[in-house]
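What follows is a set of notes on a single structure, which appears directly below.
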Amino acid sequence: MSEVQHSVAVIDQIPQQGEPLTPRTPLHHTARTGGDGQVHYREHDLTGLLILRGNAADKAFADAVKATFGCSLPKTLSFVTAKDVSLLWLSPDEWWVLCPPDQTYALEVQLRECYSGHFALANNTGGMTRIQLSGPQAVQVLKKSIPYDVHDDHFPVGKVVATVFGKTQAVVRRLGQNDWEILARRSFADYIWRWVEDASREYR
């Protein structure tokens, strides 16, 4: 681990033999797509993930976030998107920033340049997987998987929640009427993938 300007930490990913590592998703060993008929699921390409902590009531902080990421801090249990960046609300003082992996460092530096107050920003790229679940019966798979109420009236498009998923945890957000996304820790990626495969089998 080495420290660079603005106290942004970066990991040296160049092996001793001088060949760069190839970034891989947690499910690179699988087909990364599955399902047919009424349910489809796939793992997204590697996504940059910044975990942001701060005071939403601090106008200077909120303004710096908007200037850096192109969108304002989302309201409770919601997410916002601007171009290739999404901000997800996780708690009153925590947000996840999803972005292209090659932009994480520049975005972190930019936020530190825009705001010098108290906040925390950690790069967790590679620590999570994103599985997109879609199709007319995708909601039925979620009903088998999480205890949270996924009815349209309670879980509209644009909502995000952290919840139990099977015997682990995940963040679930609704991207469209029949389009959902599951974000889970890398160590549980294979478990969740197999769970989704099994839960969707009856809809093939």
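The values are calculated or read from the model by the stated rules, or taken from the named source; none is laboratory data. In this text the structure is predicted, and so the values were computed from the model without any measurement. No Cβ is skipped: glycine too gets one built from the backbone with ideal geometry, and neighbour counts run over all protein chains shown. Keep in mind that these areas ignore ligands, DNA and RNA; they rest on the heavy atoms of the full protein, side chains included. Shrake-Rupley method; radii C 1.70, N 1.55, O 1.52, S 1.80 Å.
Start at zero, step by 10 Å, and the Cα-Cα distances of the range 136-204 spread as 20, 58, 22, 0 percent across the bins.
A straight chain from S78 to C114 at 0.36 nm per residue would run longer than the Cα-Cα distance by 10.5 nm.
Axis angle, to the nearest 10 degrees, between helix 189-199 and the longest C-alpha principal axis of the chain: 20 degrees.
Heavy-atom accessible area for L77, with the other protein chains in place and a 1.4 Å probe, reaches approximately 60 Å². The angle between the Cα long axis of helix 104-114 and the main principal axis of the chain comes to about 50°, on a 0 to 90 degree scale.
Counting protein heavy atoms only, the chain has 49 percent of its accessible area on carbon and sulfur, 1.4 angstrom probe. Put E202, E94 in order of accessible area, highest first, and with a 1.4 Å probe you get E202, E94. Our helix-only sum for the chain, with -39,500 (n - 2.57) per DSSP H run of n ≥ 4 divided by its residues, gives a mean residue ellipticity at 222 nm of -6000 deg cm²/dmol.
The alpha-carbon atoms of the range 49-173 define a convex hull whose volume equals 112 cubic angstrom per residue. With a ≥ b ≥ c the root eigenvalues of the C-alpha gyration tensor of the range 90-154, is it rounded (a/c under 1.5), prolate (a/b larger than b/c) or oblate? Cα axes put the range 90-154 in the prolate bin. With the crude spin-label approximation of a point 7 Å out along Cα→Cβ, what separation in nm comes out for N124 versus D149? Going from the N124 label point to the D149 one covers 2.8 nm.
In the context of the full protein assembly, H40 retains an accessible surface of approximately 80 Å², using a probe radius of 1.4 Å and ignoring ligands and nucleic acids. Once the 1.4 Å probe is applied to the protein heavy atoms, the chain comes out at 53 Å² accessible per residue.
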